[in-house]
Every structure is written in C-alpha cells, then in structure tokens.
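Data block below; observations after.
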Amino acid sequence: MRVIAGRLKGRRLASVPGTDTRPTTDRVKEALFNIIGPYFSGGWGLDLYAGTGALGIEGLSRGLERVVFVDANPRAVRVIRTNLEALGLTAQADVYRADARRAWSNWGGAGFA
C-alpha cells in the first residue's frame with residue numbers, strides 16, 4: 001500500500017495485521033480523488049472507519065490541511081499513528097479510537113456536513 005499522488009507520492013504505508021481491515025486499493029483511491037479532488041483546496045477531511053488511514057493520508061498528501069481519523073480497532077489506531085509519524089503528518093491529524101457511528105452522532109456532523 002502506498003500514497004498515489006501529491007507531495008508524498010510513492011511513500012509506503014504500514015497495514016493492519018489480520019483480515020479485519022481491508023485496504024482501499026490504489027485504483028479506488030485514484031477514482032475517488034479524481035471525483036472529489038477538483039472540489040477541495042485545503043480544508044479538513046474526515047476518515048471514518050479509517051483502517052490504515054490511507055484515504056486521509058492521501059488527502060493530506062494532496063493538500064488537505066487537517067484530517068480526523070476514526071477507527072474502533074485498537075490495532076488500526078496504532079497503524080494510523082505509525083503511518084502519520086513515518087510521514088511527518090502528526091501535526092495535521094487527530095486520531096480517535098471510537099465507533100464511527102457514535103463519533104458522528106456525538107459530533108452531529110459539525111463541520112463535515
């Protein structure tokens with residue numbers, strides 16, 4: 001798994017051990033950012049069910065200012081933090097171990113709607 005575009009293009013990402021987390025493929029990431037990329041310049045992102053953090057990290061690489069990562073799996077949270085540290089992105093990220101639905105309800109979608 002790797003970052004596919006932006007200032008961190010080609011950098012490798014650690015993955016979550018086991019089969020509970022399925023990484024987003026490069027092809028899906030590319031398609032997603034081809035669709036949404038023209039609509040953001042800076043701003044914040046929210047990576048729910050973050051897994052490895054690959055989508056949020058891709059957004060940071062492409063110019064997002066900050067990303068909030070949420071995952072309930074403690075192993076995934078550790079991997080997200082490891083990936084952020086390895087890429088020098090910890091200052092641009094908030095990582096929460098929480099159920100995504102509960103986190104969304106608690107925030108009321110504030111700032112992300």
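The values are calculated or read from the model by the stated rules, or taken from the named source; none is laboratory data. Fair warning: this is a prediction, and the values are worked out from it, not measured in the lab. Virtual Cβ from ideal backbone geometry, glycine too; neighbours counted across all protein chains shown. Note: accessible area is taken over every heavy atom of the protein model, side chains too, but ligands, DNA and RNA are not part of it. Shrake-Rupley method; radii C 1.70, N 1.55, O 1.52, S 1.80 Å.
All Cα-Cα separations within the stretch 34-110 were binned at 10 Å from zero, giving a P(r) of 21, 51, 28, 1, each value a whole percent of the pairs. Computed over protein heavy atoms with a 1.4 Å probe, the accessible surface of the chain works out to 59 Å² per residue.
Each peptide in 43-52, 19-28, 73-82 gets a packing score, the mean of other Cβ atoms within 10 Å over its residues, and the list from highest to lowest is 43-52, 73-82, 19-28.
For the stretch 37-113, the share of accessible area belonging to carbon and sulfur comes to 49 percent (1.4 Å probe, ligands and nucleic acids excluded). Step by step: find N for the stretch 5-64, compute 2.2 N^0.38 Å, then divide the Cα radius of gyration by it. What's the final number? Compared with the compact-globule rule of thumb, the stretch 5-64 sits at 1.12.
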